[in-house]
Structures are given as structure tokens and as C-alpha cells.
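The values are calculated or read from the model by the stated rules, or taken from the named source; none is laboratory data. The model shown is predicted, which means the values in this text are computed figures rather than measured ones. Because the Cβ atoms are built from the backbone with ideal geometry, glycine has one as well, and the counts that use them run over all protein chains shown.
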Amino acid sequence: MDKLKIIGGPGLKGKIQISGAKNAALPLMAASLLSNETITLKNVPHLVDITTMANLLMHMGLEISMNGTNQGIGHTLSLKSNDSIETKATYDLVRKMRASVLVMGPLLAKHKETYVSMPGGCAIGTRPIDLHLKGLEALGAKVTLEEGYAHLIAENGLVGGDYEFPVISVTGTENIMMAACLAKGTTRLFNVAKEPEIVDLANLLIKMGAKIEGAGTQTLTIHGVESLSGATHDIVPDRIEMGTYIMAAGITNGEIEITNGDLTLLPTVVDLLKKTGLEFIEKDKGFIVRRKDPKKPLKAISVSTNPYPDFPTDLQAQYMAMMVTAEGDCTITENIFENRFMHIAELLRMGANIHIDGSVATVKGVKELIGADVMATDLRASASLVLAGLAAKGETIVHRIYHLDRGYEHIETKLSECGALVERTH
């Protein structure tokens, strides 16, 4: 099993190109089920989750081809569906990645019936799909649960309707939005997610001929059309990867030029990081990030995770790693997932001073971290341990980095090119 060996210390200095967003690419790939014409996606990251979704779609009968560019960073993916595809998403495929449930809405809308395996929970907590099912019921679907599968039927096609999400759901918003594009009449969705990945999906669907209003706001209005066509689309940059490398510059007291990055994708995060002592110098195709005063430690600033545009849960672990050696104390409150503090036990092994009380972690800054063997428990926890290792004294071994490969393209290469002493070993 692969692991990362990191010798901490050097301040990172160099350029890092941000890949396309995994969390945008997955629903964009699922959207190809809505048309029989070719969907071409550019800036697709080469990641395990992308491969998992591609395998699911190919198993259903889609034609998929990928071309690599720019030394493996950023690929072009072409997907073409048809009328005779398999409409069952089996447990063996769906269990590998919860985002596989995104095929549910498109399959039901286009083919009027689908069986999709219930994905269950994951390492960071339960994430039920009842909101997806209730939203599709609001569009006229009949839903039954059969031996671990959701069986959805819309014999005469879906019909537009109104649905308000009781809690904000990113994948729920994406699934119902895709389904509504082929429903008869108008659909209004309230209390929807506003993430840039939602806007990116809406932009592709509009290119395909969908009629969508309000992407990026709390209300989506979708006027159903009879069919959708092919389209070509550039995937939005990965804001979570971008935030991770920003914090890598912060924790190592380095200076990184981020290319293919867009600070407007992380408005709340950037404002917060400026308060900790980081500065951003915008450039033509990105920006430079560094400490405003390299002679001073970062300042501890408290934060709470909440849906976009607030601080994202997907950057909570990385931010905590950066705060571990900041000056002063702060609290980090996790409001999205109930089990997303598993990285804390590993940070404690490296000398961190963190106390947990329910959903609140109190971080007391220490002067330095000490390298240790640590175990990754999920994707973002893995990234936090890599950041800690980059700043720690001595050697850190991060085990179970298959989690990292789900969401970070060539992470050891990108860090090494900025002077990090990191290598992948078996």
C-alpha cells in the first residue's frame, strides 16, 4: 500500500497549477446521460474518483475516451450516451464512491426508470440520499426501496414541480436540477446549494440547451425541454485543492505562485486567511500567496464550517493543521459532518495541542511539530497530515494515501517542484 514520506522544514517556493475541480467533474460526467450527443469536458483531473465514475458510466454503456495534456495535468474527456444504456447502478460500483448517486436524476429523466444502489455512509459521517428521493418524488417519480436499491419510475416522464430542500444539499441540488431539465413544465427548487460547482453544472446544461435561471442563488428555476444536445465545457478550477496549497505556503512560511487559480471561488476563506497573516498578490493567470511578514508566525483565528459561501468543511482539516503552529488559541467548529475530526488524533501524535468538545475543537498553538507515522482516514484528513508533515521537524510517514489519490492530482509532484522533500513509497 502506497505511503508518503515527508522530511519537513523547507519553505515551499515555486509554481503550482490547480487542476479542474473533482466535485464539478463528477456531476458534469453524470450530465452526459441526459443527451445522446457527445459531451466534451476539458481540464478533467486524473483522479481515482474520476476513474470510478467513468467505470460506472462505461458499465452502463456510454462511450468514453480521454486524451492527456500538459504532462498529465488536465485531460479532455469525451462521453456519449445512447437510448439502450443499462439503467441500473449496481452496489459493487456505487459503494466505491457516494457521488455515483448522481446518475439517478439523469437516468430517471431520460429513460423513465432506474435502479440505483443506496450508497450508505462514509468515513466522515452518514450522508443519506432521502433529499434526492423526495425531490424526485416532487417531480412525479414513484420511489420504492428494494433490497438496498432505490427503484424510481416515471412512466409518462417527469413533470415540473416545486421542492424546498429542508437542509442544503450539494449533490441533491445537482441531481434534481439535472432531472428537471427534461421534465415537462417548470420546476422551482428552493434552499439549494450555491457552490461554484453548482454554477459550473448549470453552465454546461445551458450549453446543452437547458433553460435554467438562478444558479448561484438560493432558488433555481428550470424550464423543461424535450431534449438536450452535445456541448464542450472547461471545468472550473478546484477551489479545495487551491485552498490546500495556499495553506501549504502558510504553514511552511513559503511563497507559492498558484496558476489556473481563482480567488473569487473562496471569498470567505481568503478574507479569513488574510487575518491570519497571509497576503495574496494577483497575477494574470493566478496569484502569489505568502506570509505578509515572514518573520512572524501566523495568528490563530477561529472559524466555523457552513455551506458556501461560508468556510467549507472540505478545508477544515487543512486549516486546523495550519493553526496548530499559529500564535495563540482558536476554535474550529464543524457544522456539516458529525465525524470530521478524525485527523486530530494523528495531529496529536505530531505534538499538536487540540481539545475536542462535541463539534468544537480548541487549538492551542505550539512552537513546532515533530514528524511521526500517521494514518489517513479520509480525503481531506490526508491533506491535513501532509501539510503538518511539511512543517514538522524530522520525518513523517503518511499511510493509506489512497484517500489522497481520490482528490489530489499528482500531489507529491506538485509539492516536490516547490522544494518539498516528499516521495511516494510502498
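Observations
- Residues located in region 357-393, provided they are assigned to a strand (DSSP E or B), surrounded by fewer than 23 Cβ atoms within 10 Å (Cβ to Cβ) and under 25 Å from the mean Cα position of the chain (by Cα): 360, 361, 375
- Residue that is modelled with the lowest pLDDT [pool: residues in region 128-147 that are closer than 30 Å to residue 342 by Cα and touching a helix residue (DSSP H, G or I) at 6+ places or on another chain (Cβ under 6 Å)]: 129
- Spans of strands (runs of 3 or more DSSP E) in region 1-97 with at least 1 residues modelled with pLDDT under 95 and farther than 28 Å from residue 180 by Cβ: 63-68, 75-80
- Some residue of region 396-405 being outside any loop (DSSP other than H, G, I, E, B), of a type in the set (Lys, Arg) and in the same structural domain as residue 7 (by TED's automatic domain parsing): no
- Of all residues making up region 364-383, the number that are farther than 15 Å from residue 339 by Cβ and in contact (Cβ under 8 Å) with a residue 60 or more places away in the chain: 4
Per-residue answers, yes or no, for (1) under 17 Å from residue 249 (Cβ atoms); (2) out of contact with any helix residue (DSSP H, G or I) (no Cβ under 8 Å at 6 or more places or on another chain); (3) surrounded by 22 or more Cβ atoms within 10 Å (Cβ to Cβ); (4) not assigned by TED's automatic domain parsing to the domain that holds residue 217:
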{"residue": "276", "(1), (2), (3), (4)": "yes, no, yes, yes"}
{"residue": "288", "(1), (2), (3), (4)": "yes, yes, no, yes"}
{"residue": "291", "(1), (2), (3), (4)": "yes, no, no, yes"}
{"residue": "302", "(1), (2), (3), (4)": "no, yes, no, yes"}
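- Flag if residue 232 is more than 26 Å from residue 318 (Cα to Cα), in contact with a helix residue (DSSP H, G or I) (Cβ under 8 Å, 6 or more places away or on another chain) and surrounded by fewer than 17 Cβ atoms within 10 Å (Cβ to Cβ): yes
- Enumerated strands (runs of 3 or more DSSP E) restricted to region 224-330, each holding at least 1 residues that are under 30 Å from residue 205 (Cα atoms): 231-234, 255-259, 286-291
- Here is the figure for region 188-211: residues that are part of a loop (DSSP other than H, G, I, E, B) and of a type in the set (Lys, Arg) total 1.
- Pairs are defined by a Cβ separation below 6 Å, a sequence spacing of at least 6 or placement on different chains, a first member in region 138-156 that is in contact (Cβ under 8 Å) with a residue 24 or more places away in the chain and in the same structural domain as residue 92 (by TED's automatic domain parsing), and a second member that is part of a strand (DSSP E or B) and hydroxyl-bearing (Ser, Thr, Tyr); the pairs so defined are 138/163; 149/115; 149/117; 151/115; 151/144; 152/114.
- Members of region 337-356 found to be aliphatic (A, V, I, L, M), surrounded by 19 or more Cβ atoms within 10 Å (Cβ to Cβ) and in a loop (DSSP other than H, G, I, E, B), listed by number: 350, 352
- In this structure, residue 252 does not satisfy being in contact (Cβ under 8 Å) with a residue 60 or more places away in the chain and either among the acidic types (Asp, Glu) or in contact with a Ser or Thr (Cβ under 7 Å, 6 or more places away or on another chain) (or both).
- Boolean, residue 78 is closer than 30 Å to residue 249 by Cα and out of contact with any Leu (no Cβ under 7 Å at 6 or more places or on another chain): no
- Filtered residues of region 159-185 (kept if in contact (Cβ under 8 Å) with a residue 60 or more places away in the chain and over 25 Å from the mean Cα position of the chain (by Cα)): 160, 182, 183
- Filter result for residue 327 (touching a Pro at 6+ places or on another chain (Cβ under 8 Å) and closer than 26 Å to residue 26 by Cα): no
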